[in-house]
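The values are calculated or read from the model by the stated rules, or taken from the named source; none is laboratory data. All values derive from a computational prediction rather than experimental measurement. So basically every Cβ, Gly included, is an ideal-geometry build from the backbone, and we count neighbours across all protein chains shown. These accessible areas exclude ligands, DNA and RNA; they are computed on the full protein's heavy atoms, side chains included. Shrake-Rupley method; radii C 1.70, N 1.55, O 1.52, S 1.80 Å.
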Amino acid sequence: MSLDLALNLAVLDWFFEPLQFAFMQRSLAVAIMVGVICSVVGSYLMVQRLALLGDAISHSVLPGLAIAFLLGVNIFIGAFIAGVISTVIIGWIHTRSPIKEDAAMGIVFSAFFALGITLITTIQRDNKIDLNHFLFGNILGVTGGDVRDTAIIAGLVLLAVAVLYKELLFYSFDPLGAQASGLPTGLLNAGLMVLIALTVVASMKVVGVILVLSLLIAPGATAYLLVPRLHQVMLLGAAIGVFSSVSGMYLSYYVNLPSGPAIVMVVSTLFALAFLLSPRHGVLVGPGRARPWRQLQRLLRPGL
Amino acid sequence: MVVTSKIMVDHLSVNYRDVQALRNINLTVRPGKVVGVFGPNGAGKSTLVKAMLGLMPVVTGRVTYGDDILAHQLDRVAYVPQRSQIDWTFPATVWDVVMMGRVKQTGWFKRFSAPSHQIVQDSLERVGMADFCDRPIGALSGGQQQRVFLARALAQQAEIFCFDEPFVGVDQKTETVIFSIFRELAAAGKIVLVINHDLGESITNFDQLILLNKELIAAGPRDWVLTRDHMTRAYGGHVGFFGHVA
Ligand SMILES: Nc1ncnc2c1ncn2[C@@H]1O[C@H](COP(=O)(O)OP(=O)(O)O)[C@@H](O)[C@H]1O
Ligand SMILES: [Mg+2]
């Protein structure tokens, strides 16, 4: 009995201890908001098979961020502009030349990324900014201003998704049918790119630009294995995203990891569980699947 | 009001980069008929319909409906793409997909109205899919998927209906349902344009045919279009369909 109580107290203590620090409160607030918008916006990327585009935009924000820093402008704004410019260039290359979209993404995002690293490496010699913080996230670096900016971005993103939900659903399922019904699909697509860029920018401090793709795709993909409709994927995905980013923060705090990798390890584990155990699509237990041991046998001896 | 406008295609040419897909097409599509677009694979059938609706750029020509460019009146169009172009693993139910037919009519920033719900329900009943409304679309047969798309087109309450290869991979029952709805739409004075390539018995369900192979071979009443000369020009030397069409 008293052992139980002691254990409970220890867990509570483990949970509440970090919260006494203002920086941890700020990081958790940002982590929760980022967990929500990444999952919601990332669901569109997943269903449109545009995961690589998420990766491209996230790598492309770096030079904008560096230039904004040099000019003394809000780095969120610089990063956002660079992200949008990169999608415009990608679209331009693939519509104006025989180059396919994925090749265009590969070319553009690596170029932007290289430029960004060059710029940041140069300026970090004289300034107190650290490249690693942008690449992998940095919970210690979340300021009050960051919390405000993230809240503004999250509010805008969620409002846009709520207001445009039916149009974006039609467009992402059947772009041609949506265009033929008279919807301005070019504008919808541009709006989606803006939402992705905003989301990536808001996520920089928490997960970093290299790993943000995981927080964009994995929560939605995990939810997709569990529920059948897009809005359910978004809601459950948001819950998974919040759980992952908050527990990642705690891991980061206690084990002294960069926050990005910690979050990504949690969300990847959740995905693996759903992949194996989802009642709808689980590899081991889904409907129409053979008994788990047969599955394992098959995994171990592919020739069977 | 009975719809009396017709679609006029005037000197339409379409390119994909440096490859010409359609050359100088002139034709008229009238309401009240079930019109089939026929031609071999790669003849430009899908391209013709997409270009007519302004879904892709054209090199020359214009397509009008009534007094205006057709592409400016897409509110009056229901278009169903080839089933193979759609990702059927998309997280949506039958209801969600048919409801998409009400998005444009509903307008920005608004929720679906009660009449829209009723229209969707009626459309599902008309194609025999009302019992499946909560089913994920990935769990449907090919024929059921096509009927869901037909229901979505019906829900749009359009004047012009365009279907790209609606009979590919569907069962006999679905084919019968789809043709009877095409017949009803035509009888209600709608324009019904159906891309097909199957030259079997089902061709007798079309009133008018448009025969294509990069250029227009023939367009008009079925029996007028179905001559050996036209078919040879469209399909080449060896077409064994005449046995079916008495
Ligand atoms: N996106 C595209 N890019 C380049 N060529 C295309 C594209 N789509 C179709 N084509 C070409 O245009 C021609 C007509 O295609 P399509 O209209 O799909 O024919 P159909 O529907 O009659 O089978 C074909 O030769 C095809 O290879
Ligand atoms: Mg085709």
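The figures follow:
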read-out: Sole exception among (1) closer than 18 Å to A:GLY177 by Cα; (2) free of Cβ contacts under 8 Å to residues at least 24 places away in the same chain; (3) not acidic (Asp, Glu) for B:CYS162, by number; value: (2)
read-out: Residue tally, condition over 20 Å from B:PHE163 (Cα atoms) and not hydroxyl-bearing (Ser, Thr, Tyr), over the range B:13-25; value: 7
read-out: Search result, residues across the range B:86-112 that are polar (S, T, N, Q), closer than 20 Å to B:GLN146 by Cα and either in contact (Cβ under 8 Å) with a residue 60 or more places away in the chain or more than 7 Å from chain A (Cβ to nearest Cβ) (or both); value: B:THR89
read-out: Test set (1) under 20 Å from A:HIS94 (Cβ atoms); (2) in a helix (DSSP H, G or I) - A:MET46 fails condition number; value: (1)
read-out: For A:VAL157: the one exception among (1) farther than 19 Å from B:TRP88 by Cα; (2) open to solvent by less than 20 Å² (accessible area, probe 1.4 Å); (3) facing chain B (nearest Cβ under 8 Å); value: (3)
read-out: Residues located in the range B:38-57, provided they are more than 13 Å from ligand 1 (Cβ to nearest atom) and either more than 30 Å from B:GLY169 (Cβ to Cβ) or modelled with pLDDT under 95 (or both); value: none
read-out: In the range B:1-59, the residues that are of a type outside the set (Val, Ile, Thr), within 20 Å of B:LEU199 (Cβ to Cβ) and within 16 Å of ligand 2 (Cβ to nearest atom); value: B:GLY36, B:PHE38, B:GLY39, B:PRO40, B:ASN41, B:GLY42, B:ALA43, B:GLY44, B:LYS45, B:SER46, B:LEU48
read-out: Condition met for B:ARG83 (without any contact (Cβ under 8 Å) to a residue 60 or more places away in the chain, within 12 Å of another protein chain (Cβ to nearest Cβ), within 16 Å of ligand 1 (Cβ to nearest atom) and in contact with a Pro (Cβ under 9 Å, 6 or more places away or on another chain)); value: no
read-out: Listing of strands (runs of 3 or more DSSP E) fully contained in the range B:175-239 that carry 3 or more residues being more than 16 Å from ligand 2 (Cβ to nearest atom) and over 19 Å from B:LEU27 (Cβ atoms); value: none
read-out: Unique residue being over 23 Å from A:ARG229 (Cβ atoms), within 11 Å of chain A (Cβ to nearest Cβ) and not aliphatic (A, V, I, L, M) when the list is B:GLY54, B:GLY61; value: B:GLY54
read-out: Restricting the range B:1-33 to residues that are β-branched (Val, Ile, Thr) and over 21 Å from B:ALA71 (Cα atoms), the residue that is farthest from ligand 1 (Cβ to nearest atom); value: B:VAL2
read-out: Count of the range B:161-174 residues which are within 16 Å of ligand 1 (Cβ to nearest atom) and not in a loop (DSSP other than H, G, I, E, B); value: 3
read-out: Check on B:ASP75, surrounded by fewer than 22 Cβ atoms within 10 Å (Cβ to Cβ), more than 10 Å from every other protein chain (Cβ to nearest Cβ) and over 15 Å from A:LEU169 (Cβ atoms); value: no
read-out: Options A:ILE196, A:ILE210, A:ILE217, A:ILE152; residue that is farther than 30 Å from A:LEU284 by Cα, open to solvent by 30 Å² or more (accessible area, probe 1.4 Å), within 14 Å of the chain's Cα centre (by Cα) and more than 11 Å from chain B (Cβ to nearest Cβ); value: A:ILE210
read-out: Within the range A:160-171, tally of residues that are at the interface with another protein chain (Cβ under 8 Å from one of its Cβ atoms) and open to solvent by less than 10 Å² (accessible area, probe 1.4 Å); value: 2
read-out: The lone exception for B:PHE206 - which of (1) more than 14 Å from chain A (Cβ to nearest Cβ); (2) within 13 Å of ligand 1 (Cβ to nearest atom); (3) in contact with a helix residue (DSSP H, G or I) (Cβ under 6 Å, 6 or more places away or on another chain) it fails; value: (2)
read-out: Subset of the range B:183-231 that is open to solvent by less than 60 Å² (accessible area, probe 1.4 Å) and hydroxyl-bearing (Ser, Thr, Tyr) - its residue that is nearest to B:LEU53 (Cα to Cα); value: B:SER202
read-out: Selected residue [at pLDDT 95 or above and of a type in the set (A, V, I, L, M)] from A:VAL84, A:VAL88, A:VAL41; value: A:VAL41
read-out: Any chance B:PRO136 is in contact with a Leu (Cβ under 7 Å, 6 or more places away or on another chain), at pLDDT 95 or above and surrounded by 18 or more Cβ atoms within 10 Å (Cβ to Cβ); value: no
